[in-house]
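The values are calculated or read from the model by the stated rules, or taken from the named source; none is laboratory data. This is a predicted model, so every value here is computed, not measured. Please note: Cβ atoms are built from the backbone with ideal geometry, for glycine as well, and neighbour counts cover all protein chains shown.
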Amino acid sequence: MDTQNLQTLDLKSQEYFINMGPQHPAAHGVLRLILTMDGEIVKNIEPDLGFIHRSIEKQCEYEGYKQIIHLTDRLDYLSAHINNEAVALAIEKALEIEVPERVKVIRTIMGELTRIASHLLWWGVMGMDVGALTTFMYAFRDREYINDIMEDTTGARLTMNYSTPGGVMFDLHKDFVKRVKEFIPHLRSVLPKYDELLTGNIIFIKRMKGIGVLSPEDAINYGATGPVARGSGVASDVRKIQPYSALDRVDFNEVLLDGGDNLARYNVRMKEMYESLNIIEQLIDNIPDDGIQAKTKALIKLPKGEFLQRVETARGDFGVHIISDGKKNPYRVKFRSPGFSNLNTLIKLGKDTLLGDLIAISATMDFVIPDIDR
Amino acid sequence: MILTNTTNYFAKFIEYLSGAEGLNLGFAGEILAYVVIAALYLAFFAVAGLMLVYMERRIAAFFQLRLGPNRVGPWGLLQTIADALKLVAKEITGTERKDGLLYHTAYYLVIVAALVSLSVVSFAPGVQAFNVNIGVFFISAVSSVGVLGLIFGGWGSNNKYSLLGAMRSGLQMISYELSAGLAMLTIILMVGSLNVDSIIEAQQSNIFLIQGHIPALIAFAIFIIAGTAESNRTPFDLPEGEAELGAGFHSEYSGMGFAYFFLAEFINMFIIASLTATLFLGGWLAPFGITDSLPWQPLWGLIWFFVKVLGVIFLMMWFRWTFPRLRIDQLLTLEWKYLLPMALLNIVLMALVVYFDLLIKF
């Protein structure tokens, strides 16, 4: 074939669709992304939700207020305790119950332990998504300590179901303080090893730095919260803005990094683990002793009105909005999940990147699909 | 005949058994010898593949603070054999709308390429099925045929993920072939022969890694990187790219089809490691000749060869369980912008070293 023919030859290239998920190793659940691809380049992303829709908000309308808490475990299962706390706080706000100091401190410590556990799991999976398989085992080894601590007190390892309106379900296990105090120096000693294994790796930095840059404006416009927003330098920590439980009496820094790329989001979470350890350390030594339950009625009825409570889960701003018409179950419950807004940023960030980058970006977003799709 | 080496061993063995002197095997005897040797290689292929899988799993466990397989047989040695038996017994599933010819040719290509390149590897003095004067070139040439298997498999599966995997494997293996070849050439400058045995015997004084000092060290690094890329292992496991492509080019294979790909990957790693041992570490030669005066010479050669090969394999497994994966453009940048120019300059450097006779020999 001479050059003339080669030029006139109609070599068609076309974009093609590829279904990433609902069953895909990097989807972390049943997220389906409909990708329009040009070779290796992602041209368009269309998330398709609904594979794990359980109508939790609708179910809440048929349950009593004490029972709603049990359903929230199944939203963002890695921040189960913080979700429980959010609903409990909303109900307490509505009933104007003042919970014992002990409950506040316990809830905060448990919340921060949950956050660390969630970030550890994220770190393990993050490594796997960029191809480093060993991180998973390291992270799970250390997450196991937290699971054991949780199991001692609450009887459950993942869906703790520990907060109730007006208090917590059980008192702390007798070894709780001792084991938490053992865990803090342990984690402090292993986190630098994590950095040695993954953070400092040249390949990892090349995969992370400057990839998936989310500008602060976009972070605000898309409603991104949590480490995703803080990686872009947007202060969004509910723990600082509207301190709840015992968070008003502890001293901690909101980790804010600018850059907005994968590496910034990664570093935010790594540093947040240290901050969480600081919070626990400040509270663990003097847990007040004034009971674990405020007095509540057996059948809780909220007064008429709308009640909103925001908390900071490991993923960001989680909101509970209860509309009550004075009956024993709510008229309407709406959960504001951080993952949903963060997923929207992926549509923007993932465009015109390589497939490998899309996976890395979605890994730094730290999705929990049941949180996005309720 | 070409296969003189091993048939001679075979003849000697028959002589030893029958007590006859100067036995002539004859035509039928030689055919029989070939069949037996081929069977031996097939058996070695299976056993070495399975044992490397076992080794990989134990080493992975060692790096990941776990125990690894330790229940089936002593120290779990039979675990991978049990796994292989399970794969044999498995139902063959896969897509219906595949390109049958390519789909089924793929794994044979991969496995035949691996087996044929294995035949040139010199395990011990004289223990080599196929002694050709272009030895290392032959290995490099034949093992590249394996990439066709990957591309056929990815194309024939009629799956977009497989196709992406196949495309990546094509890009990767053809690119890194260049650096690997140039790194080999750097070493060959020192011997002036491609024959595997001549290369090993030229390292009698000391191994090429020390003889060729700086350029040899650079070539060693390049060869290990390119070799890891050619055997599709982390950080260059893009064709499989678990998190990105599911299982890449072998997504649609099940049962033994999958097992062939899997075993071939490990045998390819063995071939890369044995090439590294041959070119840089002196093959079956004992370091400083410490076992030269002992009886059972071929056996000692075999032991030293395996020690060196397993050392290199351990290094490659270490990479796999430590490093993240590269992105496809970074992979190509590394090869075309860094490794290839470096390898070319390195050849010039080595040529100067050889010309001015600056080799370290003692």
Pairs, first under 13 Å from A:LEU214 (Cα atoms) in segment A:337-360, second of a type in the set (S, T, N, Q), C-beta under 6 Å, six or more apart:
A:LEU346/A:SER362
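Conditions (1) within 17 Å of B:PHE208 (Cβ to Cβ); (2) in contact with a strand residue (DSSP E or B) (Cβ under 6 Å, 6 or more places away or on another chain); (3) away from chain A (no Cβ under 14 Å), marked per residue:
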{"site": "B:LEU285", "(1), (2), (3)": "yes, no, yes"}
{"site": "B:GLY289", "(1), (2), (3)": "yes, no, yes"}
{"site": "B:PRO295", "(1), (2), (3)": "no, no, yes"}
{"site": "B:TRP300", "(1), (2), (3)": "no, no, yes"}
{"site": "B:TRP304", "(1), (2), (3)": "yes, no, yes"}
{"site": "B:PHE314", "(1), (2), (3)": "no, no, yes"}
{"site": "B:THR322", "(1), (2), (3)": "no, no, no"}
{"site": "B:LEU332", "(1), (2), (3)": "no, no, no"}
Report yes if some residue within segment A:169-190 is within 14 Å of another protein chain (Cβ to nearest Cβ) and modelled with pLDDT under 90; otherwise report no.
no
Could you tell me whether any residue of segment A:331-344 is at pLDDT below 90, touching a helix residue (DSSP H, G or I) at 6+ places or on another chain (Cβ under 7 Å) and within 14 Å of chain B (Cβ to nearest Cβ)?
no
Tell me, please, whether a residue that is within 14 Å of chain B (Cβ to nearest Cβ) and acidic (Asp, Glu) can be found in segment A:90-107.
no
Qualifying position, being modelled with pLDDT under 80, among the hydroxyl-bearing types (Ser, Thr, Tyr) and out of contact with any Phe, Trp or Tyr (no Cβ under 6 Å at 6 or more places or on another chain), among B:SER231, B:SER274, B:SER293:
B:SER293
Qualifying residues in segment B:156-172 (those that are out of contact with any Gly (no Cβ under 8 Å at 6 or more places or on another chain) and closer than 18 Å to B:SER254 by Cβ) - the one nearest to the other protein chains (Cβ to nearest Cβ)
B:ASN159
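Step by step: first the residues of segment B:246-283, then only those that are within 14 Å of chain A (Cβ to nearest Cβ) and touching a Pro at 6+ places or on another chain (Cβ under 8 Å), then the one that is nearest to A:LEU33 (Cα to Cα). Which residue is that? Write out each step before concluding.
To start, the set of residues in segment B:246-283 that are within 14 Å of chain A (Cβ to nearest Cβ) comprises B:246-248, B:251.
Filter again for touching a Pro at 6+ places or on another chain (Cβ under 8 Å), leaving B:246, B:248.
Values: B:GLY246: 14, B:GLY248: 18 Å.
Looking at residues that are within 14 Å of chain A (Cβ to nearest Cβ) and touching a Pro at 6+ places or on another chain (Cβ under 8 Å), I get B:GLY246.
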Need pairs with beta-carbon distance below 7 Å; first residue at the interface with chain B (Cβ under 7 Å from one of its Cβ atoms) and within segment A:117-141, second among the basic types (Lys, Arg); sequence gap 6+ or separate chains.
A:VAL130/A:ARG207; A:VAL130/B:ARG325; A:GLY131/B:ARG325; A:MET137/B:ARG66
Which numbered condition B:THR234 misses (of (1) of a type in the set (Ser, Thr, Tyr); (2) more than 14 Å from every other protein chain (Cβ to nearest Cβ); (3) over 18 Å from B:SER140 (Cα atoms); (4) crowded, with 23+ Cβ neighbours inside 10 Å)
(2)
Looking at (1) touching a helix residue (DSSP H, G or I) at 6+ places or on another chain (Cβ under 6 Å); (2) part of a helix (DSSP H, G or I); (3) crowded, with 20+ Cβ neighbours inside 10 Å, can you tell me which one A:GLY212 breaks?
(2)
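Give the residues of segment A:10-31 that are in a strand (DSSP E or B) and closer than 14 Å to B:GLY246 by Cα, sorted by residue number. Walk me through it before giving the result.
So the first thing to find is which residues in segment A:10-31 are in a strand (DSSP E or B), and the list is A:16-20.
Hits for segment A:10-31 are A:ILE18, A:ASN19, A:MET20.
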Is it fair to say B:TYR108 is in contact (Cβ under 8 Å) with a residue 12 or more places away in the chain, within 24 Å of B:ALA273 (Cα to Cα), surrounded by fewer than 17 Cβ atoms within 10 Å (Cβ to Cβ) and of a type outside the set (A, V, I, L, M, F, W, C)?
yes
